[in-house]
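First up is the structure itself, then whatever we jot down about it.
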Amino acid sequence: MNKFFLLCLMCFSASVYADGQKNVYETKDFSYLLGKTKFNDDLLKMHFALYAGYVKNTNLILSELDQLSDQNKGRNFDYGAIKRRLAFEYDGMKFHELYFENLTAVSNTTEAKKLVLDIVKQFGSFEKWRADFINTAMIRGIGWTVLCRDKSGRLLNIWISEHQSGLLPESTVLLVMDVWEHAYITQYGLEREKYIETFFSSVNWSVVQQRYDAK
């Protein structure tokens with residue numbers, strides 16, 4: 001556990017950047033979730049801090065890329081390395097926002113009637129879809145489990161490796177679950193399945209339905 005907290009501290013510390021840098025993205029406030037979900041406050045506060053690091057690092061990378069471009073260094077090694085890092089930090093920022101936004105105190109699937117009907121139509125039952133989502137979330141590794149809809153309207157449960165690998169082009173993200181260890185280890189240890197059960201009891205289906213409706 002000590003190694004885990006050290007890693008979190010290193011990740012957060014690496015996000016600190018020079019004063020005066022232009023902020024492109026701002027850290028959103030999700031403190032309204034404290035005391036409202038089954039996730040304990042210590043876990044959520046740590047998670048919020050890690051998310052803030054992704055926001056700061058995204059801004060830092062964009063600033064550094066602008067500086068290198070202004071210096072006509074767009075083809076040097078540093079530019080390429082930083083450019084590759086952008087997707088990791090940016091997607092980490094956005095997936096965390098989508099994740100926190102689809103959490104709430106009480107989960108109620110009646111708030112997503114149209115989506116649930118579509119799930120039943122495509123998967124056979126809501127329970128079959130839920131089982132497939134959980135199976136996807138139990139894949140060994142770190143990343144995200146996402147319910148998305150492709151351009152044809154097909155619903156798919158997909159696995160995102162880390163933050164930046166696996167999202168299907170032209171798909172709409174509907175439901176997001178963080179399955180990096182930092183999302184659950186301080187409360188559930190290595191029992192990811194218990195974390196998943198808590199997640200399902202905390203899904204804000206109203207938000208998920210809004211994403212579904214935004215065609």
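No lab work stands behind these numbers, since they all come straight from the coordinates. If you're wondering where the values come from, they're calculated on a predicted model, not measured in any experiment. Here Cβ is always computed from backbone atoms with ideal geometry, including for glycine, and neighbour counts include all displayed protein chains.
How much length is gained if the chain between Leu86 and Asp42 is pulled fully straight, taking 0.36 nm per residue apart and subtracting their Cα-Cα distance, in nm to one decimal?
Working it through step by step, the gained length comes to 13.0 nm.
List Met177, Met46 from most exposed to least, where exposure is judged by having the fewest other Cβ atoms within 10 Å.
Met46, Met177
Taking the structure as given and computing Cα extents along the principal axes in Å, which label from [x] 58, 34, 34; [y] 59, 39, 33; [z] 57, 42, 30 fits?
[z]
Which peptide among 141-147, 206-212 comes first, and what is the full order, when sorted by highest mean count of other Cβ atoms within 10 Å?
141-147, 206-212
For the residues Leu156, Leu174, Leu117, what sequence is obtained by ranking on other C-beta atoms within 10 Å, fewest first?
Leu117, Leu156, Leu174
Can you list the aspartates and glutamates whose alpha carbon is less than 19 Å from that of Lys121, not counting same-chain residues fewer than 8 positions off?
Glu111, Asp132, Asp150, Asp213
Quick one: if the Förster radius is 30 Å, what FRET efficiency do Ser201 and Glu26 give, using the C-beta to C-beta distance and rounding to 0.05?
FRET efficiency, Ser201 to Glu26: 0.50.
To the nearest 20 Debye, how big is the dipole of the chain about its Cα centre, given +1 on the beta carbon of each Lys and Arg and -1 on that of each Asp and Glu?
The dipole magnitude comes to about 480 debye.
Counting only residues 5 or more places away or on other chains, whose amide H sits under 5 Å from the amide H of Leu175 once H atoms are built in the peptide plane?
Close amide H contacts, sequence-distant or interchain: Leu147.
Could you pull out the pairs from Lys113/Lys215; Lys36/Lys94; Lys128/Lys215; Lys56/Lys94; Lys114/Lys151 whose alpha carbons sit more than 20 Å apart here?
Those over the limit are Lys36/Lys94; Lys128/Lys215.
Which value at 222 nm does the chain reach when only helices count, each DSSP H run of 4 or more adding -39,500 (n - 2.57), with the total divided by all residues and rounded to the nearest 500 deg cm²/dmol?
-17000 deg cm²/dmol
Could you give the longest part of the chain that holds none of the GluC sites (Glu not before Pro) found in DSSP loops with at most 11 neighbouring Cβ atoms within 10 Å?
By the stated rule (loop sites, at most 11 other Cβ atoms within 10 Å), 27-169.
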